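Engineer: If you scroll down you'll find the structure; I have some questions about it.
The values are calculated or read from the model by the stated rules, or taken from the named source; none is laboratory data. On a predicted model such as this, the values are computed, not experimentally measured, just so you know. When we count neighbours, we look across all protein chains shown, and the Cβ atoms used for this are built from the backbone with ideal geometry, even at glycine. Protein only, heavy atoms only, side chains kept; ligands, DNA and RNA dropped before computing areas. Shrake-Rupley method; radii C 1.70, N 1.55, O 1.52, S 1.80 Å.
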Amino acid sequence: MNSDHPHNSGDTLLVPPAATGYKALKKYRRHAHKRVFVNRSLMLEKIKYFGFDMDYTLAVYKSPQYETMGFNLTVERLVAIGYPQELYNNEYDPSFPVRGMLFDKHLGNLIKVDTFGNILVCVHGFRFLNSKEIAELYPNKFITLKSDRLYVLNTLFNLPETYLLACCVNYFSTSSEYTAVSSSVGVKKGDLMLSWESIFEDVRNAVDWVHMKGALKQTTVDQPDEYVIKDPRLPVLLQRMRDHGRKVFLVTNSDYNYTKKIMTYLFDFPNGPAPDMPHKPWYQYFDVCIVSANKPKFFGTGSVLRQVDLETGALKIGTHVGPFQRGQVYSGGSCDTFCELMGCRGNDVLYIGDHIFGDILKSKKERGWRTFLVVPEVAQDLLVWTEKQSLFEKLEDLDAALADKYKYLDSSTDVIPDISKVRKAIQQVTHEMDMCHGKLGSLFRSGSRQTFFASQVLRYADLYSSTFLNLLHYPFSYLFRAPHQLMPHEFTVDHQDTFQEEDTMADTMMSPALRRKRPGNSSNSADVSESPSEAQKKSLHMTLPSSVQVQPSAPLEITHVHDDDD
């Protein structure tokens with residue numbers, strides 16, 4: 001029996017609320033933890049190439065073990081270059097950092113913003129700033145997102161870095177040995193001045209050193225059971241893709257030696273993708289493997305494409321000009337070269353990765369690839385959404401209470417209702433909801449406002465899920481159809497409500513849109529788009545041959561694009 005059958009998996013059949021005023025068919029939905037979520041419709045049948053990133057996509061690192069190791073190694077590096085030993089007193093706190101934070105290099109603050117740069121959360125070290133303090137530092141509680149003073153901490157690799165920045169700012173801000181400079185751009189100790197920007201640069205360089213020259217990668221490959229999730233479903237999915245006639249490729253920024261060790265571990269099972277199939281090496285699950293891709297540069301100018309010696313890891317001399325050989329591994333290259341050798345076009349490719357910029361944004365904007373963003377935090381978000389239903393219901397009740405305060409009041413009233421208690425209650429419930437996600441709140445929203453990270457997911461990821469392995473629960477002919485993106489004037493107005501403008505409103509003040517005659521709508525009493533009369537035509541010398549169309553007609557066939565895969 002299909003594992004996704006509702007009687008077998010516990011999946012639910014959802015019915016829209018009766019308040020919508022129509023009797024809807026039951027809608028089948030998979031379990032939340034099996035779901036792939038859709039921003040733009042995608043017909044899986046049209047995808048001919050499935051591409052994968054490795055780090056945090058194929059190879060998912062265990063949390064918080066992996067972040068803790070990265071944090072500790074970076075602290076060691078900072079102390080080695082002269083930072084105070086007291087930094088060793090800090091232990092990694094996984095409940096603090098969240099992706100999508102911005103670091104203000106000028107003032108040393110971690111900031112969460114919405115789509116437009118309005119500040120939602122601001123923390124200096126470990127001290128959370130209140131609304132008044134934020135307004136003093138940032139006029140209108142706003143900061144332009146294109147400012148050079150901001151650094152975006154968008155990746156899962158940035159989580160320990162985010163927390164370490166907070167630890168450093170907290171230490172230098174609270175240590176009795178240091179005093180703040182008058183412009184709040186750093187601290188002083190005698191004739192030594194440390195700016196927040198210089199501290200940021202030191203932390204950033206230390207993180208890069210740990211990743212490139214330090215013990216992070218070696219420790220990971222020495223103890224993969226401790227730091228890497230090994231899932232037997234991985235070879236099953238990749239083999240199913242190939243069995244259905246799709247090509248599968250790997251494009252990772254990691255070097256060959258690290259990729260080889262991690263991928264060997266991920267595919268180290270006694271058998272192949274099925275118990276009756278023999279084991280095969282990791283690279284045989286892919287039609288093309290590219291390491292050291294240097295994304296996002298890969299999607300632009302790229303670099304020289306070279307073949308890798310599978311035994312030594314050395315790069316063969318000269319540029320590889322094709323064709324790609326299955327079972328071989330390549331280094332570098334560019335998207336142009338890759339597409340030419342593979343014979344693929346933008347919409348043929350579904351690229352799966354975790355990096356919103358390097359994997360998703362660039363492949364979407366520069367190459368038109370379809371995109372699948374892996375967002376592990378979705379699992380936590382769904383957990384809060386389902387387990388904290390009482391908080392969401394309480395917030396709806398408070399919204400209703402707020403609406404009642406203004407009931408029957410219009411612009412003629414002098415009454416000012418007291419909404420202070422309701423507003424405070426809303427703020428308290430919203431804060432409680434935020435804290436369910438961690439000290440910095442949700443990755444996707446703060447109260448009713450979406451974060452900058454959420455806006456990027458909506459804009460650039462066609463599909464997203466906590467893991468790409470959820471594709472196992474969908475047939476390769478599946479139509480991922482995006483839900484309607486409703487605007488406030490749509491989802492806050494019930495279908496059975498009757499809309500009409502006030503009878504007393506002057507004709508000149510009526511909404512022009514209501515006065516336009518539309519195809520299939522006979523309710524318009526005013527028709528200002530009638531054809532000119534014969535007298536008007538003569539007076540304006542508009543006599544035309546009968547074959548000439550003087551007004552556009554509504555299309556009788558489907559011509560408008562409604563979904564991406566129409």
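Engineer: Looking at the chain, what % of the alpha carbon pairs are farther apart than 32 Å?
Structural biologist: 58
Engineer: Which net charge results when you count Lys and Arg as +1 and Asp and Glu as -1 among the other residues whose beta-carbon is under 14 Å from that of LYS405?
Structural biologist: -1
Engineer: Answer rounded, prolate or oblate for segment 117-221, using the Cα gyration tensor with square roots of eigenvalues a ≥ b ≥ c: rounded when a/c is under 1.5, else prolate when a/b is larger than b/c, else oblate.
Structural biologist: oblate
Engineer: Roughly speaking, what is the centre-to-centre gap between segment 420-455 and segment 192-247 when only Cα atoms are used, to the nearest Å?
Structural biologist: 30
Engineer: With a/c under 1.5 counting as rounded, go ahead and sort segment 445-487 into rounded, prolate or oblate using the C-alpha gyration tensor (a ≥ b ≥ c being the square roots of the eigenvalues; past the cut-off, prolate if a/b is larger than b/c, else oblate).
Structural biologist: prolate
Engineer: In nm, to one decimal, how far is the modelled label at PHE126 from the one at TYR406, with both set 7 Å along Cα→Cβ?
Structural biologist: Result: 4.2 nm between the two label points.
Engineer: Can you work out the accessible area per residue across segment 348-481, with the rest of the protein chains kept in place, probe 1.4 Å, in square angstrom?
Structural biologist: Each residue of segment 348-481 exposes 52 Å² on average to a 1.4 Å probe.
Engineer: DSSP loop trypsin sites (Lys or Arg not before Pro) in segment 170-252 with at most 12 other Cβ atoms within 10 Å of their Cβ, which ones?
Structural biologist: Answer in residue order: LYS213.
Engineer: If you take every DSSP beta bridge whose two residues both sit in the chain, what share of them, in percent to the nearest 5, is antiparallel?
Structural biologist: Counting only bridges with both partners in the chain, antiparallel ones make up about 65 percent.
Engineer: On to the next question. As an exercise, find the ratio Rg/Rh for segment 329-434 from alpha-carbon atoms, using the Kirkwood inverse-distance average for Rh.
Structural biologist: Using Cα coordinates only, the ratio equals 1.32.
Engineer: Something else about it: Quick check: net charge around ASP93, other residues with Cβ under 14 Å of its Cβ, Lys/Arg +1 and Asp/Glu -1?
Structural biologist: So the surrounding residues net to -2.
Engineer: Using R₀ = 35 Å, calculate the FRET efficiency as 1/(1 + (r/R₀)^6) where r is the Cβ-Cβ separation of VAL304 and ASP222; round to 0.05.
Structural biologist: After rounding, the FRET efficiency stands at 0.65.
Engineer: Extending each Cα 7 Å along its Cβ direction at TYR474 and ASP255, get the distance between those two points in nm, one decimal.
Structural biologist: Computed distance between label sites TYR474 and ASP255 equals 3.7 nm.
Engineer: Between GLU387 and SER547, what is the spin-label point distance in nm, taking each point 7 Å from the Cα along the Cα→C-beta axis?
Structural biologist: 7.4
Engineer: If I stretch the segment between HIS431 and PHE116 completely, what's the gain in nm (0.36 nm per residue apart, minus their alpha carbon distance), one decimal?
Structural biologist: 111.2 nm
Engineer: For segment 246-346, how many pairs of lysine residues have a Cα-Cα distance under 20 Å, where the two are 8 or more positions apart or belong to different chains?
Structural biologist: Lysine pairs meeting the criterion: 5.
Engineer: Same structure, new question: Classify segment 221-267 as rounded, prolate or oblate from the Cα gyration tensor: take a ≥ b ≥ c as the square roots of its eigenvalues, call it rounded if a/c is under 1.5, otherwise prolate when a/b beats b/c and oblate if not.
Structural biologist: Oblate shape, in that a/c is at least 1.5 and b/c is the bigger or equal ratio.
Engineer: Using the Cβ atoms and a cut-off under 11 Å, what net charge is assigned to the surroundings of ASN253, where Lys and Arg are +1 and Asp and Glu are -1?
Structural biologist: So the surrounding residues net to -2.
Engineer: Given only helices, namely DSSP H runs of n ≥ 4 each adding -39500 (n - 2.57), what is the per-residue ellipticity at 222 nm of the chain, to the nearest 500 deg cm²/dmol?
Structural biologist: Taken over the chain, the calculation gives -9000 deg cm²/dmol.
Engineer: Let me ask something else about it. Return the inverse of the average 1/r over all pairs of distinct C-alpha atoms in segment 54-130, which is the Kirkwood hydrodynamic radius, in Å to one decimal.
Structural biologist: Hydrodynamic radius (Kirkwood, Cα pairs) of segment 54-130 is 14.8 Å.
Engineer: Oh, and also: For segment 69-143, which GluC sites (Glu not before Pro) pass both filters: DSSP loop (anything but H, G, I, E, B) and at most 11 other C-beta atoms within 10 Å?
Structural biologist: GLU91
Engineer: Using DSSP to define loop residues, name the GluC sites (Glu not before Pro) in segment 145-218 whose beta-carbon has at most 14 other beta-carbon atoms within 10 Å.
Structural biologist: Listed in order of number, the matching sites are GLU177.
Engineer: Next up: Taking the solvent-accessible surface of protein heavy atoms with a 1.4 Å probe, what is the per residue accessible area of segment 150-233 in Å²?
Structural biologist: Using a 1.4 Å probe on heavy atoms only, each residue of segment 150-233 averages 47 Å².
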